[in-house]
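Since the structure comes first, as structure tokens, the remarks are kept for the end.
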Amino acid sequence: SLPEEVPIWSQVSSSSETRIGARCAHFESCFVTGMRRAAEDAQIIVVNHHLFFADLATRGPHGGGAIPDYDAVIFDEAHQVEDVATEFFGLRVSTTRVETLVRDAQRALGAAGLSDVSAPRLRAVLDAAAQFFTSLPRPPAGNESRATLEPRQIPEHAREAMFRLDAELEALAARGKLRASAGEAVVQMARRAGSIRVDLASIVEGAPSQGTKTSHVTWT
């Protein structure tokens, strides 16, 4: 088996951001499709906490989660449930998320014959992301790796960097929408860029308040 940090995993793994569903030419032969159909015929399904909460996070009013419907759930080693639930029901914008978007966009646009036109735009997204993440305040030396980040603590130059990143993501999303005829992968790339913009605004501008208590906690 290969360690999780091996770069090849990002090239072959499947996620809700990369699957396009039944419109994909390889949908029927895809191993993920096969695994889901096998699970639908099973009476007992064993999954880890990450897959369970990933399923809950992707379920909508019309169903369509990662695992079939179930009548009962048994948690083992539940001391990690809080952290895993926070991971899937929270918002996260990271260098990895932006870099993965750019990598997939480069592949999709290249397959559509648009790599030369889009290369400067993709570099601009990476440059803006690097500037934004560098500008954020860091936890004091000796503290834990996470520190609470409230909107009033974000310096003005960090907000300016955020606006630049937002503008570059907006331009990338617009390019994808204009090139919709190039295929579903390009359209999906535009949706992902828009999703990062929404999450970025929610984190930097702050979460809505409920009375005297905030409904979210933001950290860097």
Can you name every residue in region 29-50 that is more than 22 Å from D71 (Cα to Cα) and loosely packed, with under 10 Cβ neighbours inside 10 Å?
S29, F31
Which numbered condition in (1) open to solvent by 30 Å² or more (accessible area, probe 1.4 Å); (2) more than 22 Å from the chain's Cα centre (by Cα); (3) modelled with pLDDT of 75 or more is the only one that S181 fails?
(3)
When you check R92 against the structure, is it closer than 28 Å to L172 by Cα and within 18 Å of the chain's Cα centre (by Cα), yes or no?
yes
Looking only at residues that are basic (K, R) and in contact (Cβ under 8 Å) with a residue 60 or more places away in the chain in region 71-129, which one is farthest from V47 (Cα to Cα)?
R107
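The values are calculated or read from the model by the stated rules, or taken from the named source; none is laboratory data. For clarity, every value in this text was computed on a predicted model and none was experimentally measured. Neighbour counts run over all protein chains shown; Cβ positions are idealised from the backbone, glycine included. Accessible surface is based on the protein model in full, side chains and every heavy atom, while ligands, DNA and RNA are left aside. Shrake-Rupley method; radii C 1.70, N 1.55, O 1.52, S 1.80 Å.
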